[in-house]
1. Can you tell me which residue among 52, 100 is surrounded by fewer than 20 Cβ atoms within 10 Å (Cβ to Cβ), over 18 Å from the mean Cα position of the chain (by Cα) and under 27 Å from residue 198 (Cα atoms)?
2. Could you check residue 92 against (1) in the same structural domain as residue 232 (by TED's automatic domain parsing); (2) surrounded by 14 or more Cβ atoms within 10 Å (Cβ to Cβ); (3) outside any strand (DSSP E or B) and say which number it fails?
3. Look at the stretch 193-215 and say how many of its residues are in contact with a helix residue (DSSP H, G or I) (Cβ under 8 Å, 6 or more places away or on another chain) and buried (at least 19 other Cβ atoms within 10 Å of the Cβ).
4. Could you tell me how many of the residues in the stretch 95-132 are part of a loop (DSSP other than H, G, I, E, B), out of contact with any helix residue (DSSP H, G or I) (no Cβ under 7 Å at 6 or more places or on another chain) and farther than 22 Å from residue 235 by Cα?
5. Going through 33, 37 one at a time, which residue ends up being surrounded by fewer than 16 Cβ atoms within 10 Å (Cβ to Cβ), in a helix (DSSP H, G or I) and outside the structural domain of residue 133 (by TED's automatic domain parsing)?
6. Can you pull out every residue in the stretch 54-80 that is assigned to a loop (DSSP other than H, G, I, E, B), farther than 25 Å from residue 145 by Cβ and in contact with a strand residue (DSSP E or B) (Cβ under 6 Å, 6 or more places away or on another chain)?
7. Look at the stretch 142-154 and say how many of its residues are out of contact with any helix residue (DSSP H, G or I) (no Cβ under 8 Å at 6 or more places or on another chain), in contact (Cβ under 8 Å) with a residue 24 or more places away in the chain and surrounded by fewer than 18 Cβ atoms within 10 Å (Cβ to Cβ).
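The values are calculated or read from the model by the stated rules, or taken from the named source; none is laboratory data. Quantities reported herein were computed from a predicted structural model and do not represent experimental measurements. In this analysis, Cβ positions are derived from the backbone assuming ideal geometry, glycine residues included, and neighbour counts consider all displayed protein chains.
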């Protein structure tokens with residue numbers, strides 16, 4: 001089995017693959033101050049609960065947008081899973097040409113999403129990841145990673161309204177019934193949800209115009225389900241895209257390890 005770990009700013013997504021099949025997946029809150037032993041104990045408990053023996057784990061691969069947690073999870077994998085993880089970083093084979101100004105600035109989760117998107121759905125491609133940030137990643141018809149766009153995540157926008165204003169409350173992020181809110185909460189829900197739908201549709205339109213074609217549009221990330229219905233251009237929603245990408249990148253680099 002292969003253990004995959006995608007460490008985000010807010011949460012981390014972990015999965016266990018048996019061949020090409022994702023047999024287990026878990027989501028934990030990212031804790032920058034947690035030790036390797038704390039994370040290891042949590043992971044060990046999850047594996048025990050699902051009757052996954054440590055001896056069945058033949059490898060691990062991780063990507064992280066929180067650099068201090070990379071050595072922590074390297075220690076977790078070695079100490080608790082008895083394996084040395086592959087870390088997604090510059091120089092790793094991905095099958096994509098990264099046509100960006102500085103590949104070292106590119107989030108490894110974005111690369112994993114693009115790798116999985118191309119393998120599963122083809123190209124040209126836009127992958128929209130609704131996480132702490134909302135990212136748009138673009139792959140050309142020739143299979144080149146061209147870059148993309150980054151916007152604040154919907155939860156960041158909602159929290160900013162709550163924290164930076166005196167009278168606006170913290171709200172639940174649900175799709176409102178109408179654009180004209182008749183109260184503060186419904187008005188905030190309308191502004192945030194419909195506003196983000198407009199942002200998404202505009203960026204898809206502008207990116208497609210620059211590509212001079214109609215790309216496949218995929219969504220992933222924790223908030224993606226709430227936008228699939230409201231944005232007809234989104235053709236596919238795959239919440240496990242980054243984990244699948246990690247598995248594919250591990251396969252590409254396995255012969256060199």
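1. Of 52, 100, the one residue that is surrounded by fewer than 20 Cβ atoms within 10 Å (Cβ to Cβ), over 18 Å from the mean Cα position of the chain (by Cα) and under 27 Å from residue 198 (Cα atoms) is 100.
2. Of the numbered conditions (1) in the same structural domain as residue 232 (by TED's automatic domain parsing); (2) surrounded by 14 or more Cβ atoms within 10 Å (Cβ to Cβ); (3) outside any strand (DSSP E or B), the odd one out for residue 92 is (1).
3. 4
4. Within the stretch 95-132, residues that are part of a loop (DSSP other than H, G, I, E, B), out of contact with any helix residue (DSSP H, G or I) (no Cβ under 7 Å at 6 or more places or on another chain) and farther than 22 Å from residue 235 by Cα number 6.
5. 37
6. 57
7. Going through the stretch 142-154 one residue at a time, the tally reaches 2.
Here's the yes/no breakdown for (1) in contact (Cβ under 8 Å) with a residue 40 or more places away in the chain; (2) within 20 Å of the chain's Cα centre (by Cα); (3) in the same structural domain as residue 119 (by TED's automatic domain parsing):
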{"position": "209", "(1), (2), (3)": "no, no, yes"}
{"position": "214", "(1), (2), (3)": "no, no, yes"}
{"position": "217", "(1), (2), (3)": "yes, yes, yes"}
{"position": "231", "(1), (2), (3)": "no, yes, yes"}
{"position": "234", "(1), (2), (3)": "yes, yes, yes"}
{"position": "237", "(1), (2), (3)": "no, yes, yes"}
{"position": "251", "(1), (2), (3)": "no, yes, no"}
{"position": "254", "(1), (2), (3)": "yes, no, no"}
